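Visitor: Let me begin by handing over the structure; questions about it come next.
The values are calculated or read from the model by the stated rules, or taken from the named source; none is laboratory data. Remember, predicted model here, so these are calculated numbers, not experimental data. In this analysis, Cβ positions are derived from the backbone assuming ideal geometry, glycine residues included, and neighbour counts consider all displayed protein chains. Accessible surface areas use protein heavy atoms only, side chains included; no ligands, DNA or RNA. Shrake-Rupley method; radii C 1.70, N 1.55, O 1.52, S 1.80 Å.
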Amino acid sequence: MSFRTRRVLMSTPLIAIFEFFLMKYLFLLFGGLDDSYLLLLTILFVLLNTVPMFFEEKKSRFITRALDEISGFWIWMSLFFFFDILFIYILGAFVELPFYIIVILLLLVPIITIYSYWHAHRIIVHEKTIELDKINQDINIVHLSDVHFGAIRHKKIISDLRDKLNELSSTCDLAIISGDLADGSCVVEEDDFLPLKDVNIPIVFTAGNHDFYPGIENVYNACRKAGIIILDNEGMEFKDLNIFGLTYSFGEIETVSLEDLKSFIKEDKVNIINFHVPQNWEVFSSLGFDIQLSGHTHGGQFYPVVWIGNLIMYNMGLFKKSIGGKDRYLHVTTGVGSMDYPFRWGTDSELVILKLRKKN
């Protein structure tokens, strides 16, 4: 049983209770519905939310992916219907709301859902400039993360990514993926990433936590067949760059000591560490890494999580700090795909061109 399936099954009882009372109060706004019907709707939702996962673990199929996506739509809308109903009842305690106002407020949820779904499926390109002392030539890196190939975002996201990367290949030198190429919501076959073999620039990949859920060797086999360079606690040189891929997982995996990381540093190169989570930046910088490339957060993916993420962590964007008397950089991308549900509201599905330039 996969990590995602265990997580969903553990949360199902709470979600079922939440859905029952949400529908109860939602229908109360329109006169109410018998509890037996609400119970039947709740059971149908639980089956929709759980059954497709068991099939996706063995073999991915269109019908189970479609059912998984429908379930995602409803869970997403449920969350926002909850906030909407809460707002309506609080406001209704002070003023009498006309029925048409209630309808308008409820219609905001499907409108936001449609927009968020459309926005999540658009890959947007951003550019940022990093100035460095140790670079002798202009280098453009395409930084991306969190593709989350899975049951909901399946082969189309890989072909869309290929097309976008090829659009950028005339001006960019290298693409670096900071983990979570796979999602873990479906099995990964060895041909699943094959479209990326057609990309005209090298692609470097270091695993994140989700890449372990469908089996890390399955992900690595698909990467190898697609010609992707895997950096699994190892490094490589590319022009003026010295790149180390530090593999990340929540589980117990073999990692690299700080001493080994420090020994990797080359003083005449731009030292980059590719690490899925935006953590330990100050530690890596003190060892001599000029740039850390991370993802994982999705930038919060949607409001109000975006605001919370910005308050408590390096959530998204380019950060600069003087450490050890030198400028050090952390770039956190919001990712290409989406976590669990294919919606984005307040963040972009992005590729970021990092323009490495000689400091004046």
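Visitor: Of all residues being open to solvent by 60 Å² or more (accessible area, probe 1.4 Å) and hydroxyl-bearing (Ser, Thr, Tyr) in the range 246-287, which is farthest from Lys134 (Cα to Cα)? Just the residue, please.
Guide: Among those that are open to solvent by 60 Å² or more (accessible area, probe 1.4 Å) and hydroxyl-bearing (Ser, Thr, Tyr), it is Thr255.
Visitor: Give all pairs with beta carbons closer than 8 Å in which a residue from the range 125-151 that is under 16 Å from Asn166 (Cα atoms) meets a residue that is charged (D, E, K, R) and assigned to a loop (DSSP other than H, G, I, E, B); count only pairs at least 6 apart in sequence or on separate chains.
Guide: Filtered contacts from the range 125-151: His126/Asp348; Asn140/Asp173; Ile141/Asp173.
Visitor: If you scan the range 315-354, which residues turn out to be within 20 Å of Val147 (Cα to Cα), hydrophobic (A, V, I, L, M, F, W, C) and open to solvent by less than 40 Å² (accessible area, probe 1.4 Å)? First the steps, then the outcome.
Guide: Start the filter on the range 315-354 by keeping residues that are within 20 Å of Val147 (Cα to Cα), which leaves 315-318, 330-354.
Of the ones still in play, those that are also hydrophobic (A, V, I, L, M, F, W, C) are 316, 318, 330, 332, 336, 339, 343, 345, 351-354.
Answer for the range 315-354, where residues must be within 20 Å of Val147 (Cα to Cα), hydrophobic (A, V, I, L, M, F, W, C) and open to solvent by less than 40 Å² (accessible area, probe 1.4 Å): Leu330, Val332, Val336, Phe343, Leu351, Val352, Ile353, Leu354.
Visitor: Could you please tell me which pairs satisfy a Cβ distance under 7 Å, a separation of 6+ or placement on different chains, a first residue in the range 289-301 that is free of Cβ contacts under 8 Å to residues at least 60 places away in the same chain and within 11 Å of Ser145 (Cβ to Cβ), and a second residue that is part of a strand (DSSP E or B) and open to solvent by less than 10 Å² (accessible area, probe 1.4 Å)?
Guide: Thr297/Val332
Visitor: If you don't mind, another one. In the range 288-305, which residues are modelled with pLDDT of 95 or more and either open to solvent by 20 Å² or more (accessible area, probe 1.4 Å) or of a type in the set (A, V, I, L, M, F, W, C) (or both)?
Guide: Once the filter is applied, which keeps residues that are modelled with pLDDT of 95 or more and either open to solvent by 20 Å² or more (accessible area, probe 1.4 Å) or of a type in the set (A, V, I, L, M, F, W, C) (or both), the range 288-305 yields Phe289, Ile291, Leu293, His296, Thr297.
Visitor: Next question, about the same structure. Given the conditions (1) out of contact with any Leu (no Cβ under 8 Å at 6 or more places or on another chain); (2) open to solvent by 60 Å² or more (accessible area, probe 1.4 Å), report the number of the one that Phe45 does not fulfil.
Guide: (2)
Visitor: Can you find a residue that is in contact with a helix residue (DSSP H, G or I) (Cβ under 8 Å, 6 or more places away or on another chain) and open to solvent by 40 Å² or more (accessible area, probe 1.4 Å) anywhere in the range 98-107?
Guide: Within the range 98-107 (the criterion being in contact with a helix residue (DSSP H, G or I) (Cβ under 8 Å, 6 or more places away or on another chain) and open to solvent by 40 Å² or more (accessible area, probe 1.4 Å)), the answer is no, since none of the residues qualifies.
Visitor: Quickly run through the range 227-245 and pick out the residues that are out of contact with any strand residue (DSSP E or B) (no Cβ under 7 Å at 6 or more places or on another chain) and either buried (at least 16 other Cβ atoms within 10 Å of the Cβ) or more than 22 Å from Ile158 (Cα to Cα) (or both).
Guide: Keep residues of the range 227-245 that are out of contact with any strand residue (DSSP E or B) (no Cβ under 7 Å at 6 or more places or on another chain), which gives 227, 237.
Correct list: Glu237 only.
Visitor: Do you know which of the residues in the range 31-42 that are in a helix (DSSP H, G or I) and of a type outside the set (A, V, I, L, M, F, W, C) is surrounded by the most Cβ atoms within 10 Å (Cβ to Cβ)?
Guide: By that ranking, first place goes to Thr42.
Visitor: Quick check on the range 268-288: of everything there that is in contact (Cβ under 8 Å) with a residue 60 or more places away in the chain and assigned to a loop (DSSP other than H, G, I, E, B), which residue is farthest from Ala182 (Cα to Cα)?
Guide: Top of the filtered list is Asp268.
Visitor: Between a first residue in the range 314-325 that is closer than 13 Å to Phe284 by Cα and a second residue that is open to solvent by 70 Å² or more (accessible area, probe 1.4 Å) and not in a loop (DSSP other than H, G, I, E, B), which pairs have beta carbons less than 8 Å apart while being 6 or more apart in sequence or on different chains?
Guide: From residues that are closer than 13 Å to Phe284 by Cα, the pairs are Lys321/Glu282; Ile323/Glu282; Ile323/Ser286; Gly324/Ser286.
Visitor: Among the residues of the range 133-156, which ones are at pLDDT below 95 and under 22 Å from Lys239 (Cβ atoms)?
Guide: Answer for the range 133-156, where residues must be at pLDDT below 95 and under 22 Å from Lys239 (Cβ atoms): Asp133, Lys134, Ile135, Asn136, Gln137.
One line per residue, one yes/no per condition, for (1) within 28 Å of His154 (Cβ to Cβ); (2) of a type outside the set (Phe, Trp, Tyr); (3) assigned to a helix (DSSP H, G or I):
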position: Arg6; (1), (2), (3): yes, yes, yes
position: Met10; (1), (2), (3): yes, yes, yes
position: Met53; (1), (2), (3): yes, yes, yes
position: Glu69; (1), (2), (3): yes, yes, yes
position: Phe73; (1), (2), (3): yes, no, yes
position: Phe87; (1), (2), (3): no, no, yes
position: Leu108; (1), (2), (3): no, yes, yes
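Visitor: Determine whether the range 93-103 contains at least one residue that is touching a residue at least 24 places away in the same chain (Cβ under 8 Å) and assigned to a helix (DSSP H, G or I).
Guide: Yes.
Visitor: Which residue pairs have Cβ atoms under 6 Å apart, sit 6 or more places apart or on different chains, and have a first residue in the range 186-199 that is open to solvent by 30 Å² or more (accessible area, probe 1.4 Å) and a second that is in a loop (DSSP other than H, G, I, E, B) and among the aliphatic types (A, V, I, L, M)?
Guide: Once the first residue is open to solvent by 30 Å² or more (accessible area, probe 1.4 Å) and sits in the range 186-199, its partners that are in a loop (DSSP other than H, G, I, E, B) and among the aliphatic types (A, V, I, L, M) give Leu194/Ala226; Lys197/Ala226.
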